Amino acid sequence: MAHIICEPCVGVKDKACVEVCPVECIYEAPAEYDMLYIHPEECIDCGACVPACPVSAIFPEEDVPEQWKSYIDLNYKLAGLK
Ligand code: SF4
Ligand code: SF4
């Protein structure tokens, strides 16, 4: 399990989450994605990034809203895991 960054981050990318992540597992995606992603194997599920995000883009994997489920695969893919 990991935390997942979803669509609200696209175009925002203020990196407030990066500042609070204790294991530095949040990375910038390639330019065409215009968002950040969480490396699922490095994330320790601490939840610190969730309240830090001004647009509520971050969810525990099991709680990702239905319309953004595709972002689960995207975070794994961007981390090179799929
Ligand atoms: S849940 Fe914790 S470890 Fe995972 S990305 Fe957020 S701040 Fe980092
Ligand atoms: S805090 Fe939210 S909007 Fe900002 S970079 Fe992180 S996930 Fe994206």
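The values are calculated or read from the model by the stated rules, or taken from the named source; none is laboratory data. What you see is a predicted model; the values in this text were computed from it and never measured. Please note: Cβ atoms are built from the backbone with ideal geometry, for glycine as well, and neighbour counts cover all protein chains shown. To get the accessible areas, we keep the full protein, side chains included, count just its heavy atoms, and leave off ligands, DNA and RNA. Shrake-Rupley method; radii C 1.70, N 1.55, O 1.52, S 1.80 Å.
Just one of (1) acidic (Asp, Glu); (2) open to solvent by 70 Å² or more (accessible area, probe 1.4 Å); (3) in contact (Cβ under 8 Å) with a residue 60 or more places away in the chain; (4) in contact with a Pro (Cβ under 8 Å, 6 or more places away or on another chain) fails for Asp14. It is (3).
Given the structure, is Ala79 touching a Pro at 6+ places or on another chain (Cβ under 7 Å) and crowded, with 16+ Cβ neighbours inside 10 Å? In short, yes.
Scan the stretch 1-16 for residues that are modelled with pLDDT of 95 or more and over 10 Å from Cys49 (Cβ atoms) and jot them down.
At the first step, the residues of the stretch 1-16 found to be modelled with pLDDT of 95 or more are 2-16.
The answer is Ala2, Ile4, Cys6, Glu7, Pro8, Cys9, Val10, Gly11, Val12, Lys13, Asp14, Lys15.
Among the residues making up the stretch 1-11, those that are open to solvent by 50 Å² or more (accessible area, probe 1.4 Å) and either within 19 Å of Pro65 (Cα to Cα) or without any contact (Cβ under 8 Å) to a residue 12 or more places away in the chain (or both) are Met1, Glu7, Val10. Of all residue pairs spaced 6 or more apart or on separate chains, none has beta-carbon atoms under 6 Å together with a first member in the stretch 37-49 that is in a loop (DSSP other than H, G, I, E, B) and within 6 Å of ligand 1 (Cβ to nearest atom) and a second member that is among the acidic types (Asp, Glu) and open to solvent by 20 Å² or more (accessible area, probe 1.4 Å).
Name the residues in the stretch 17-36 that are surrounded by 18 or more Cβ atoms within 10 Å (Cβ to Cβ) and either at pLDDT below 95 or assigned to a loop (DSSP other than H, G, I, E, B) (or both), would you?
Matches in the stretch 17-36: Cys21, Cys25, Ala29, Met35.
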